[in-house]
Amino acid sequence: MSTMTDKKTRINPDIKKILLNLERLLQTPSVTGNTAEIISLLKDQFGKMGYAAQVLPKGGLLVKIRGGAGASGASGTSGASGDGTGAGTNSGASTGVAFLAHVDTLGAVVKEIKSTGRLRLSRIGGYMMNAVEGENCLVETLDGRHYNGTILTTQSSTHIFNEATKLERNEANMEIRLDEQVHSAEDVKKLSIAVGDFVSFDPRTTITPAGFIKSRHLDDKASVAALVAAADLLRSTAALSSSAGTPPIYFFITVHEEIGHGASAGLPSDVGTVLAVDMGVAGEGQTSDEYSVCICAKDSSGPYDLELRRYLTALCEKYRIPYQVDVYSYYGSDAGAALRAGRDVRTGLFGPGVNASHAYERTHKDAIEATVKLIVAAILEPFNP
């Protein structure tokens, strides 16, 4: 790594601005498979900062931060085969670095319109059904109408069902109670609600005076907000300007991570290093916490690149960024998706520590700030294998 003695004072994220944008992202529904609105929002944000951004065929957003072919050459460049599948080895010099974060979230679709006027769900993503019991939700129809409702069990009142507390919380025993005067399936269909309509969960975002952010979908919108903040900081950084010997840098916002194939296609062919920016798992038995950037040594797919881990921890030490190193036993990332698609790349993973992942999540502003600092540091002093 190069010597940059004064860089520590340059990385000063505006945490108030970051949290305002995070709230906006959290309030914008983006269930996997229905992400066009939030991708349009992010494209506009990066565009206003002067970055070239392109929406790819799968719906993700590729942003050129420095050098490289840029977004205009990104489509279909996942592998040497040129078929956009990500198969094959990388073509050309693979010196580029891609930072990946996903903006798609857990959610559901309508599985059945019941004779009672209630809706049966089919999950999108991996979460416990009891984690959404009692949650307000939004049903979006194919023609763009929106209806409020609440997710309940089929035995939602203990005054009616004596055995309600013993009812298994699964898809068959959960339903949506619409906030409309509906009493039959026909009543529901008159609202244009149909099987396959997307269901998003109320994030219930709260920012406490102590700096905690409580919300659904901090996985992974906290990291997306960190990428936006890093791009904003880098605009005025002289070291960002493209010059000989500096690797291309991309931000890739994916939209299918929660179902496993977010970064399976869309990475430019000159990328040789992939850094997934995704939440750290804070909880019992973990070293990750809600106040640090958390670097993953290994997840369910296996260990991440050792040299990249050394590099990331060295940056944290140099820039005095609070960090933890951890192992996530039941976890996968977009970096793993790129490898499974056949990309020959080094992979790393870091992000803000989040408690109660895939439920009602919580992190702290310090963790988001630390993540922004590590992203910026990694761009100012790029990995050199």
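Here, each number is a calculation from the coordinates, and none is a lab measurement. These numbers come from a predicted model, not from an experiment. Note that each Cβ is placed from the backbone with ideal geometry, even for glycine, and that neighbours are counted across all protein chains shown.
Largest mean-square fluctuation among LYS221, LYS365, LYS16, in a Gaussian network model of the chain whose springs join Cα atoms under 10 Å apart, belongs to LYS16. Taking Cβ atoms as reference points and 11 Å as the exclusive limit, the residues near PHE99 contribute a net charge of -2, counting Lys and Arg as +1 and Asp and Glu as -1.
From largest to smallest, the equivalent ellipsoid semi-axes obtained for the stretch 129-199 from the alpha-carbon gyration tensor read 25, 13, 10 Å. Top mean-square fluctuation among HIS217, HIS358, HIS159, Gaussian network model of the chain, C-alpha springs under 10 Å? Evaluated over the chain, the most mobile residue of the options is HIS159. Protection proxy ranking, highest mean first, for peptides 331-339, 126-134: 331-339, 126-134, where packing is the per-residue count of other beta-carbon atoms within 10 Å, averaged.
Each residue of the stretch 354-371 was assigned a 3J(HN,Hα) from its phi angle through the Karplus expression (A = 6.51, B = -1.76, C = 1.60, θ = phi - 60°), giving 10, 8, 6, 4, 6, 9, 8, 7, 8, 9, 10, 4, 5, 5, 5, 4, 4, 5 Hz with x at Gly and Pro.
Distance between the 7 Å Cα→Cβ label points at THR141 and ALA314: 5.9 nm. Which residue, chosen from SER236, LEU41, ILE151, occupies the Cα position most advanced towards the positive end of the dipole of the chain, where the dipole is computed from +1 (Lys, Arg) and -1 (Asp, Glu) charges on Cβ about the Cα centre? After comparing all options, I get SER236. Per residue of the chain, the DSSP helices (runs of n ≥ 4 H) give a summed -39500 (n - 2.57) that works out to -7000 deg cm²/dmol at 222 nm.
Build a GNM of the chain with springs between Cα atoms under 10 Å apart, and of LYS189, LYS43, LYS214 the one that fluctuates most is LYS189. Applying the Karplus relation 6.51 cos²θ - 1.76 cosθ + 1.60 with θ = phi - 60° to the stretch 287-300 yields 3J(HN,Hα) values of 7, 4, 9, 8, 10, 10, 7, 10, 9, 8, 7, 7, 10, 5 Hz, where x marks Gly and Pro. Using the Cβ of GLY353 as centre and a radius below 10 Å, the other residues enclosed give a net charge of -3, where K and R count +1 and D and E count -1. Summing +1 for each Lys or Arg and -1 for each Asp or Glu among the other residues whose beta-carbon sits under 11 angstrom from that of VAL327 gives -1. 3J(HN,Hα) couplings calculated from phi for the stretch 190-198 with the Karplus curve 6.51 cos²θ - 1.76 cosθ + 1.60 (θ = phi - 60°) are, in sequence order, 5, 8, 6, 6, 9, 4, x, 5, 7 Hz; Gly and Pro show x.
Under 5 Å from the amide H of ASP344 lie the amide H atoms of ASN90, each residue being 5 or more positions distant or on a separate chain, with H modelled from the backbone and absent for Pro and chain starts. Beta bridges per DSSP, both residues in the chain: antiparallel share near 65 percent.
Close amide H pairs (under 5 Å, H built 1.01 Å from N) link ILE124 with GLY107, ALA108, VAL109, residues at least 5 positions away or on another chain. In this simple spin-label model, placing a label point 7 Å from the Cα along the Cα-to-Cβ direction at both GLU112 and ALA164 gives a separation of 2.1 nm. Packing, taken as the mean count of other beta carbons within 10 Å per residue, orders the peptides 139-145, 119-125 from highest to lowest as 119-125, 139-145.
From the alpha carbon centroid of the stretch 99-168 to that of the stretch 309-385 is 32 Å. Put simply, the amide H of VAL281, placed in the peptide plane, has neighbours under 5 Å in VAL354, leaving out anything fewer than 5 places away on its chain. Each label was represented as a point 7 Å from its Cα along the Cα-to-Cβ direction; for ARG235 and THR208 these points are 3.3 nm apart.
Extension gain for the segment LYS16 to GLN181, taken as residue separation times 0.36 nm less the Cα-Cα distance, is 55.2 nm to one decimal. With a Förster radius of 41 Å applied to the C-beta separation of ALA52 and ALA356, the computed FRET efficiency comes to 0.65.
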